[in-house]
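Following: one structure in structure tokens, then a few remarks.
The values are calculated or read from the model by the stated rules, or taken from the named source; none is laboratory data. What you are looking at is a predicted structure, and each value in this text was computed from that prediction instead of being measured. As a convention, Cβ positions derive from the backbone with ideal geometry for all residues, glycine included, and neighbour counts pool all protein chains shown. Note: areas computed on protein heavy atoms with side chains; ligands, DNA, RNA excluded. Shrake-Rupley method; radii C 1.70, N 1.55, O 1.52, S 1.80 Å.
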Amino acid sequence: MEGSHVKQARRSMLALDDDARISIINDDIWIDCPQTTMVERIVRNMLTTKGRVQAPCLLVCGAGGTGKTSLVNKIKSATDEWANNIAFTRLSENADGLRFCDQIMLALGVPPTLGKAVKTHLGLVKYLELTGKIAVVIDEFHDGLLANRQEQRKNLSLLKDLSGAPYHLSIIGFGIESALNALQQDRQLERRFEVIQLHPWTETEEFRQFLASMEENLPLRNPSELYEKKIVKFLLAKTDGSMDAVIKAIRFSAIQAIICGEERVTLEMLEKGLSIRWAY
Ligand SMILES: Nc1ncnc2c1ncn2[C@@H]1O[C@H](COP(=O)(O)OP(=O)(O)OP(=O)(O)O)[C@@H](O)[C@H]1O
Ligand SMILES: [Mg+2]
């Protein structure tokens, strides 16, 4: 069938003009892959476990561009009941110079003044009961832990307090490797954290599946067969398996494929895309 390489829901896009299709290619899309599905499952299981004395915590580690923020957004967009009980914050967005503690309180909807007395203040417990928040997801987690030694100790101690009685908040951090090193400064806290590493792509069936899903979403009129060995090898050689770099390489080449009229991603389009990049 004409256009059967594109998934049904997006097939009508094939009739759009070049500019409209280029704009679609530049939109972020989400593709499930085994490691992201596993993280989502862990978060769900942690948050639906009842009667926790110490809240289970999770640290998702990955190099820059491995898809951490995208995964946070995916969790944010979940409509399940457990997902409504999560507060979200991103530490590098701290333009106001808020302290670590204040930022977490702000995410929980707690006035910073109350947060200051977190260790003794039962008001926070009431707040959490009222809002139903049982977890806080922190993107750029390392930012809060790479402070000077004294700040770091204070921040780790806050996390320990929040994840223990009487608050029982699950801390779910997303950050680069150094977040783990910082966490390891406090053995007791480290024990509460499950650590998951997001790995770069390698030549696996999962990667081929991912590429096949990418292709189903691209509004190109001819099939590219992105999962073919030569394309897989090219992508891995040029990107070291970085999610961000793989997505960019495919985007730039798909745009070239439209401009040149080739209408499919080939090695030639990939080379061209990576050399012209945004200057199409
Ligand atoms: N599962 C996915 N499906 C499709 N695209 C994805 C997926 N995960 C990440 N991406 C894309 O990869 C790029 C990098 O992702 P993201 O910004 O989430 O990485 P990051 O780990 O947060 O990077 P940084 O460490 O720089 O903050 C983005 O363009 C994003 O849209
Ligand atoms: Mg990010």
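Table for the structure above
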{"quantity": "Unsatisfied cross-links (Cα-Cα over 29 Å) in the set 50/76; 7/133; 68/233; 7/50", "calculated": "7/133; 7/50"}
{"quantity": "Backbone N within segment 33-58 under 16 Å of label point (7 Å from residue 81 Cα along the Cβ vector)", "calculated": "44-51"}
{"quantity": "Dipole of segment 49-197, positive end: most advanced residue of 75, 180, 64 [Cβ charges, Cα centre]", "calculated": "180"}
{"quantity": "Per-residue ³J(HN,Hα) for segment 84-89, Karplus 6.51 cos²θ - 1.76 cosθ + 1.60, θ = phi - 60°, Hz, x for Gly and Pro", "calculated": "5, 8, 10, 9, 10, 8"}
{"quantity": "Residue 237 paired with residue 277, simple spin-label distance in nm, labels 7 Å along Cα-to-beta-carbon", "calculated": "2.1"}
{"quantity": "Summed residue charge, Cβ within 10 Å of residue 217's Cβ, Lys/Arg positive, Asp/Glu negative", "calculated": "-1"}
{"quantity": "Förster radius 51 Å - calculated FRET efficiency between residue 191 and residue 18 (Cβ-Cβ, nearest 0.05)", "calculated": "0.40"}
{"quantity": "Average accessible area per residue (Å²) across segment 49-197 - probe 1.4 Å, nucleic acids and ligands excluded", "calculated": "48"}
{"quantity": "Computed lengthening from residue 53 to residue 149, 0.36 nm per intervening residue step minus Cα-Cα distance", "calculated": "31.7 nm"}
{"quantity": "Residues of type aspartates and glutamates that residue 160 reaches as a straight line, Cα spacing below 16 Å, ignoring anything fewer than 8 places off in the same chain", "calculated": "102, 151, 186, 190, 194"}
{"quantity": "Shape call, segment 1-68: gyration tensor on alpha carbons, a/c limit 1.5", "calculated": "prolate"}
{"quantity": "Relative contact order of the chain, defined on C-alpha pairs under 8 angstrom at six or more residues apart (%)", "calculated": "25"}
{"quantity": "Accessible surface of the chain, 1.4 Å probe, proportion on carbon and sulfur as whole %", "calculated": "50"}
{"quantity": "Three-way shape label, segment 49-197, alpha-carbon gyration tensor, a/c 1.5", "calculated": "rounded"}
{"quantity": "Cβ-based net charge around residue 238, under 12 Å, with every Lys or Arg adding one and every Asp or Glu removing one", "calculated": "0"}
{"quantity": "Rounded to the nearest 20 debye, dipole of segment 49-197 from Cβ charges on Lys, Arg, Asp, Glu", "calculated": "420"}
{"quantity": "Cα centre as origin, Lys/Arg/Asp/Glu Cβ charges: the chain dipole, Debye", "calculated": "1060"}
{"quantity": "Within-15-Å neighbourhood charge of residue 190 [Cβ basis; K, R +1; D, E -1]", "calculated": "+2"}
{"quantity": "Expected 222 nm ellipticity per residue - DSSP helices of 4 or more, -39500 (n - 2.57), all of the chain, to 500", "calculated": "-15000 deg cm²/dmol"}
{"quantity": "Burial ranking of peptide ranges 257-269, 214-226, 17-29 (average Cβ count within 10 Å, highest at the top)", "calculated": "214-226, 257-269, 17-29"}
{"quantity": "Burial ranking of peptide ranges 33-40, 170-177 (average Cβ count within 10 Å, highest at the top)", "calculated": "170-177, 33-40"}
